[in-house]
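Accompanying notes for the structure given below.
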Amino acid sequence: MKDFALLFAALDETNKTNEKVSILRDYFTNVSDSEKIHTLALFTGRKPKRQINSTLVKQWAMEMANIPQWLFEESYQVVGDLGETIALLLPESKGRHEKDLAEWIAEINSLGSLTEEERKTWLLDSWSSMTQQERFVFNKILTGSFRIGVSQSLIVKALSEISGLQASTITHRIMGNWNPDTFSFYDLIQEQDASDDLSRPYPFCLAYAIQETSDKQKTAEEIEADLGDPGEWQAEWKWDGIRAQAIHRQGKIFIWSRGEELATDKFPELHPFLYDLPAGTVLDGEAICFVDGHPMPFNVLQTRIGRKNLSKKILAESPMAFIAYDCLEFAGDDIRSMPLAHRRSVLERLHILTEHKDIFRISPVVNFSNWKDLYDLRLKSRDNYAEGFMLKRLNSVYQTGRKRGDWWKWKVDPLSVDAVMIYAQKGHGRRADLYTDYTFAVWDGDKLVPFAKAYSGLTDKEIKQVDYFIKRNTLEKFGPVRTVKPELVFEIGFEGINKSSRHKSGVALRFPRILRWRQDKKIEEADSIEVLKSMLGD
Amino acid sequence: MARPLLQFNENGIYCAAGDFYIDPWRPVDDAVLTHAHSDHARWGSKRYLAHDLSREVLKYRLGDITLETMGYGETLYKNGVKISFHPAGHVIGSAQVRVEHKGNVWVVSGDYKLEDDGVCTPFEPVKCNTFISECTFGMPVYKWKSPKEIHDEINNWWRKNKEEGKNSVIAGYSLGKAQRILQHLDLSIGKIFLHGVIANTNEALARNGITLQETTRITSETSKEEIKGAMIICPPSALGSPWMRKFQPYSFGYCSGWMSLRGAKRRMAADRGFVLSDHADWDGLIQAIDATDCDCVCLTHGYTASFTRYLNEIGFDAHEAHTYYGGDEASEEDHLTTDIVNSEGDVITDKQVSDAQEEEEL
């Protein structure tokens, strides 16, 4: 654990990519294979199951630190991270331990069979044996909140350097359904392709936004200057569903979401068409709700994603379909290195053969002969149930991860309203102890009615100024939330808007965010709820 | 009931019986200063009283002022109110101000810390009826490690940077933190250079008889060759300024109590954060307050609300006071940026700096 805690601290202390890779390389060279694979699991989001709920962890930490609950909660507000708060509050430890990361994780995993009293004893003893730095990473692992500011590509780079394997090979091998008990470091670095895992998806090819900011529109001419001959490009609508890979291999099916979550059970409607695909097929596309031949807004899908049990009612209200736009594996062969035009023809052939055309859909290619036509058509994206276009180079291979050049997303401008900040709460992590989470309101008659929360969109300097304002203009405090004097106006952007009976305003926004601080506007100039409602459409 | 000996009004902490202010934030006739940091020593008052060792720095910062000074333990009367200074351990020349009138004793802590930093006179508790204490770090998550450990970390960091062919740039407030860092640097590693503001401050301290380790001022003539592998001490305001360019390649370290939180450290984007503070930590505050045997304690700048509530719960008679020393929840932003300097590191103006930009912590 000491090595792992030091690794975490060292990575925390540099912003430089090269140094991070070198720190990781040194670490991987020095620790045991079992620690390596556990570290890799943690760094790729494969956390051990949470065995003690955070309420109990908090309660026992308060007892050990000997402070009242309210002070613990306020400390948490200041620090912005539960694991760190506890590490800072516990009394200095006198004990020691010799366990490495793998051993600690094994202990955490075996807690399931202990009584609550035994877990408490175990936890207090564990804390007593650790340094502050160790406690911090241990708490993060224990509470299931372990995250690290190191991209997967850096870890892959370090592993590639010490193993001599291609980065793309490692990226592929660490995807899919594994955990440190089923997959060893040896499996990772062995010579032959580890294609025995039937479930393993390919790394998703990701697109950059061609329009870097929503502030500045790119004209058709600028797009032309960036992308060149329209004849080299394929345009498709950009769908607002869940990016997913659908796999059929040897009679088994798997559906992976982009967050590398196995989502097969979440989408039972997709199973029949997948089973009917030829074995050895992997499709890339969008899982999305479809009613009366139209994709539904994302919030329809959202109502069912989180559910453990999909009731008949939910299945009837939000039926799924799959809009495919690429084929990555055909007849058991990885065809990612073939050009897009070829992969598209494979996909179209598969589609012709399917008997499930209402479920297995194919993203239509949007024909255009010049960028101006496409620009004009993009403004009608919402009428086509899309968020804009995807632009893909016809002769491009299917890349690993986010690479600049071949795939672009060209989104329609966000909807926006001017709104007044009325509540504020402190942020977490980098924004701990600063008021960065705001609630915004629009006018309903002479009252301000809250309609959205937004976090991002301000510069550090603006955050500082807003924080300064909030601390000096607080009207009331409710726990961590402050009611702020209505004075600041912000332009709030969002991707979509839907009716909602759960919200006071009667509307729910998709991806609300701050576009800019309107220091030029007074609160009387903010928009009204009618403006929002007029955006609802039908 | 009689009028309290000290009161908070719109100008600062006022002693009606003696007709003077302690650390006023607006110009007044008579100002008694706890120390020379700009949120406590503001420009514009007619007469100042401060500790002997604050004399030259105050003149450097506030210009031609009418200033009287005295040492620790000496006494002076203003309109029958007895005033004395006692070591606060915050920075060189920092004092707790003790005022006594008709048997009633109040102490204003100013800023303070309990550890001996090896540079300024260590803190001494003073018995009183009412104690006005700062609480910048009045949350239990703030607990300092021993200064020795931190100074070792700084020297090890310097050594490692030098081995890797990098210069070391370390930031700390020009009065206090800068001297504290300087005095504990291991000169066998390399040479130490100073930003102009810190060099000026050190020269002022030298006029006050304070000797510090050997250093060189950075000027436009300083060559890249000279500073190879050196340690450069600068104020936080130099961070991100063009002045830093000449030091490349460098590693940047930041010294502050705020560095104990990961979030604050990430916001500063420093390569290294060193938890080195000139304020008392949670345990230090409670210990200091307890040692005064006071009947009543007033808390100023910092986490006043939470700290006051906690003190009341453990049996003190504690009250929150509102001051202009950093806002009700001093965040490091309230404390950041110091003097406005030009690219040579010289102060452009001291007096036109608005409140928001002034140096605090600190």
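Ordering B:Val275, A:Gln245, B:Thr215 by the projection of their Cα atoms onto the charge dipole of the protein assembly as shown, which places +1 on the Cβ of Lys and Arg and -1 on the Cβ of Asp and Glu, puts A:Gln245 at the extreme positive end. A helix-only calculation puts the protein assembly as shown at -8500 deg cm²/dmol for mean residue ellipticity at 222 nm, using -39500 (n - 2.57) for each DSSP H run of at least four residues, averaged over all residues.
What FRET efficiency, computed as 1/(1 + (r/R0)^6) with R0 = 56 Å and r the Cβ-Cβ distance, is obtained for A:Glu73 and B:Arg207, rounded to the nearest 0.05? Computed FRET efficiency for A:Glu73 and B:Arg207: 0.65.
In a DSSP loop and with at most 16 other Cβ atoms within 10 Å, the trypsin sites (Lys or Arg not before Pro) in the range A:80-167 are A:Lys94, A:Arg96, A:Lys99, A:Arg147.
Ordered by the count of other Cβ atoms within 10 Å of each Cβ, fewest first, A:Thr436, B:Thr219, B:Thr201, A:Thr143 give B:Thr219, A:Thr143, A:Thr436, B:Thr201.
In the structure shown, the pairs A:Lys16/B:Lys265; B:Lys166/B:Lys224; A:Lys426/A:Lys464; A:Lys47/A:Lys426 are assessed against 19 Å; a Cα-Cα span above that value is assigned to A:Lys47/A:Lys426. Once you order the gyration tensor axes a ≥ b ≥ c over the Cα atoms, which shape class does the range B:1-74 get: rounded for a/c under 1.5, otherwise prolate or oblate by comparing a/b with b/c? Prolate shape, in that a/c is at least 1.5 and a/b is the bigger ratio. Pairwise inverse Cα distances across the range B:255-301, averaged and inverted, put the Kirkwood hydrodynamic radius at 12.5 Å. The mean number of partner chain beta-carbon atoms within 10 angstrom of a residue's beta-carbon across peptide A:69-79 is 5.
The HN-Hα couplings worked out from phi for the range A:436-451 by the Karplus form 6.51 cos²θ - 1.76 cosθ + 1.60 (θ = phi - 60°) are 10, 9, 10, 10, 10, 9, 10, 6, 10, x, 9, 10, 9, 10, x, 9 Hz, whole numbers, x standing for Gly and Pro.
Between the range A:310-336 and the range B:205-262, the C-alpha centres lie 59 angstrom from each other.
With R₀ fixed at 45 Å, the C-beta to C-beta distance from B:Glu149 to A:His271 puts the FRET efficiency at about 0.15. Taking amide hydrogens as placed 1.01 Å from N in the peptide plane, the amide H of B:Glu320 sits under 5 Å from those of B:Leu299, each at least 5 positions away in sequence or on another chain.
Between B:Thr34 and B:Asp23, the built amide H atoms are under 5 Å apart, and every one of these is 5 or more places off in sequence or on another chain.
Over the range A:141-279, Cα pairs under 8 Å with separation of 6+ residues give a relative contact order of 17 percent. Taking the centroid of alpha carbons for each part, the range B:62-91 and the range A:86-152 are 52 Å apart. When A:Ser184, B:Ser260, A:Ser416 are sorted by how many other C-beta atoms sit within 10 angstrom of their C-beta, beginning with the fewest, the order is A:Ser184, A:Ser416, B:Ser260. Remark: the Cα gyration tensor places the range B:77-179 in the prolate category, a/c being 1.5 or greater and a/b exceeding b/c. Computed from label points 7 Å out along Cα-Cβ, the spacing between A:Gln132 and A:His294 is 5.9 nm.
Measuring from centroid to centroid over Cα atoms, what is the spacing of the range A:154-172 and the range A:13-44 in Å? Measuring centre to centre over Cα atoms gives 12 Å. Between A:Lys403 and A:Gln250, residue separation times 0.36 nm minus the direct Cα-Cα distance comes to 51.9 nm. Along the range B:12-26 the Karplus relation, 6.51 cos²θ - 1.76 cosθ + 1.60 evaluated at θ = phi - 60°, assigns HN-Hα couplings of x, 8, 10, 10, 5, 4, x, 6, 8, 10, 10, 6, x, 9, 10 Hz to successive residues, with x for each Gly and Pro.
Electrostatic tally near A:Lys2: other residues with Cβ closer than 14 Å to its Cβ, Lys and Arg +1, Asp and Glu -1, net -3. Simple spin-label model, 7 Å along Cα-to-Cβ: A:Asp226 to B:Glu164 in nm? Each label point is offset 7 Å from its Cα along the Cβ direction, giving 3.6 nm. Amide H to amide H, with H built 1.01 Å from N, A:Glu329 comes under 5 Å of A:Val282, A:Ile335, counting only residues 5 or more places away or on other chains. Model label points for B:Asp64 and A:Leu206, set 7 angstrom from Cα along the Cα-to-Cβ axis, are 6.4 nm apart. The ranking of A:Lys453, B:Lys162, A:Lys16 from fewest to most other beta carbons within 10 Å of each one's beta carbon is A:Lys16, A:Lys453, B:Lys162. Computed from backbone phi, the HN-Hα couplings of the range A:503-512 come to 9, 3, 6, x, 9, 10, 9, 9, 6, x Hz, rounded to whole numbers (Karplus: 6.51 cos²θ - 1.76 cosθ + 1.60, θ = phi - 60°; Gly and Pro given as x). Rounded to the nearest 20, the Cβ-based charge dipole of chain A about its Cα centre (Lys and Arg +1, Asp and Glu -1) stands at 860 debye.
Over the protein assembly as shown, the hull volume per residue, using the convex hull of the C-alpha atoms, is 200 Å³.
Taking a 23 Å limit on the Cα-Cα distance, which of the listed pairs A:Lys36/A:Lys140; A:Lys20/B:Lys246; A:Lys447/A:Lys521 fall beyond it? Pairs exceeding the cut-off: A:Lys20/B:Lys246.
Taken residue by residue and averaged, Cβ atoms of other chains lying within 10 Å of the Cβ of B:302-310 number 3.
When the square roots of the Cα gyration tensor eigenvalues are ordered a ≥ b ≥ c, the ratio a/c for chain A is 1.5 or more and a/b does not exceed b/c, which makes its shape oblate.
Every number in this text was worked out from the coordinates using simple rules, so none of it is lab data. Predicted model only: the values in this text are computed from it and were never measured. Positions of Cβ are generated from backbone atoms using ideal geometry, with glycine treated the same way; all protein chains shown enter the neighbour counts.
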